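Okay, so here's the structure we're looking at.
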Amino acid sequence: MSSFDIVSRVNSMEIENAVHQARKEPANRFDFQGSKAEIVPEKSS
């Protein structure tokens, strides 16, 4: 039986951009005004 490995490479700059955009989103949305939202990325190995 044959097997294969799946490798996933992540671009850290793309992750940083996504987190930055997600942090800005609550401030721009009317339904989130006045709420306190926080995103804390955790690095894992």
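A short reminder: the numbers here are calculations on the coordinates, not readings from a lab. Please read these numbers as outputs of a predicted model, since none were measured by experiment. In this analysis, Cβ positions are derived from the backbone assuming ideal geometry, glycine residues included, and neighbour counts consider all displayed protein chains.
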| What are the chymotrypsin sites (Phe, Trp or Tyr not before Pro) within the chain that DSSP puts in a loop, where the Cβ has at most 16 other Cβ atoms within 10 Å? | 4
| query | Roughly how tilted is helix 12-28, in degrees to the nearest 10 and between 0 and 90, from the longest Cα axis of the chain? | reply | 20
| request: Quick one: pull the percentage of alpha-carbon pairs in the chain with a separation above 15 Å. | output: 61
